[in-house]
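The structure appears right after this line, and notes come after that.
The values are calculated or read from the model by the stated rules, or taken from the named source; none is laboratory data. Keep in mind that this is a model prediction, so the values were computed, not measured. Cβ: placed from backbone, ideal geometry, glycine included. Neighbour counts: every protein chain shown.
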Amino acid sequence: MNADAAATADRAQSLRVLVAEDDYLVHEMVAGQLRQEGYTVVGGASDGAEAVRLTRTLAPDVVLMDLRMPGMDGLEAAQLIADTCPTPVILLTAYDAPELVEQAAQVGVDAYLVKPPKPRELTRTITVARARFQALRQATDAREASERLLDEQAALVKELQDTLERHSALSGLIPICAACKRVRTPDGDWQTIEEYVRAHSEADFTHSLCPSCIHELYGDVDDPQ
């Protein structure tokens, strides 16, 4: 075995594969090819629902999924895996049709193989599928991080705007009655100064008497302060 083949075998040895195929003979053939190439076959499923369940529980590195299976087919199972337990999925099919490629890509399939697959083609496709899966995951993570950053920036801008509004609430001209000192609100109502300030700022009032008012009300008495 040359150096490149040995390196490929070492990489394959660490990869765990789930095979979903309802035809027993095809399942054994594919599982045998995988083992010959150095992969570890962690389980086998005979229908799509079982493939989804085993993917969740066994957490394989890649899933080889037959297209036509009883109950839930391979495309539906691949979609559920993509939604609930993202894992590289390779579709096994007897049909080499361009429309299948497009449909498979839309539900989260990373590659497909026409049965019966050749050992060298099997290894190459697994490598390509895992690389594509990782690239898509990285792109998704980057997009989600960007969206979180935009949300945080929007929240910060909103907080700054609220702060500016609070601090500028009493700026500008305030219409006030020259006699009773009530303030006219933007709605046309009239409020006491205390009510207006409380509504448009974080300030509140505590009451006392200035020296002039003390003298006017009580005459010559000592300032209680």
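Hey, can you tell me all the residues within segment 29-68 that are under 19 Å from ALA94 (Cβ atoms), among the polar types (S, T, N, Q) and not in a loop (DSSP other than H, G, I, E, B)?
GLN33
Go through segment 1-25 and give me each residue that's surrounded by 12 or more Cβ atoms within 10 Å (Cβ to Cβ), at pLDDT 90 or above and of a type outside the set (Asp, Glu).
Passing the criteria: LEU15, ARG16, VAL17, LEU18, VAL19, ALA20.
Please count how many residues of segment 83-107 are surrounded by 13 or more Cβ atoms within 10 Å (Cβ to Cβ), at pLDDT 90 or above and more than 13 Å from ALA129 (Cβ to Cβ).
Narrowing segment 83-107 to residues surrounded by 13 or more Cβ atoms within 10 Å (Cβ to Cβ): 85-93, 100-101, 103-105, 107.
Those still in the list that are at pLDDT 90 or above too: 85-90.
Filter once more, so that each one left must be more than 13 Å from ALA129 (Cβ to Cβ): 85.
Selection size over segment 83-107: 1.
Kindly indicate which of ALA139, ALA179, ALA145, ALA131 is hydrophobic (A, V, I, L, M, F, W, C), loosely packed, with under 10 Cβ neighbours inside 10 Å and either at positive phi or modelled with pLDDT of 75 or more (or both).
Values: ALA139 fails: loosely packed, with under 10 Cβ neighbours inside 10 Å; ALA145 fails: loosely packed, with under 10 Cβ neighbours inside 10 Å; ALA131 fails: loosely packed, with under 10 Cβ neighbours inside 10 Å.
Only one candidate passes the filter, namely ALA179.
Assess whether ARG68 counts as being of a type outside the set (S, T, N, Q) and modelled with pLDDT under 90. Don't jump to the end; show me each part of the working.
Values: of a type outside the set (S, T, N, Q): yes; modelled with pLDDT under 90: yes.
Yes, satisfied.
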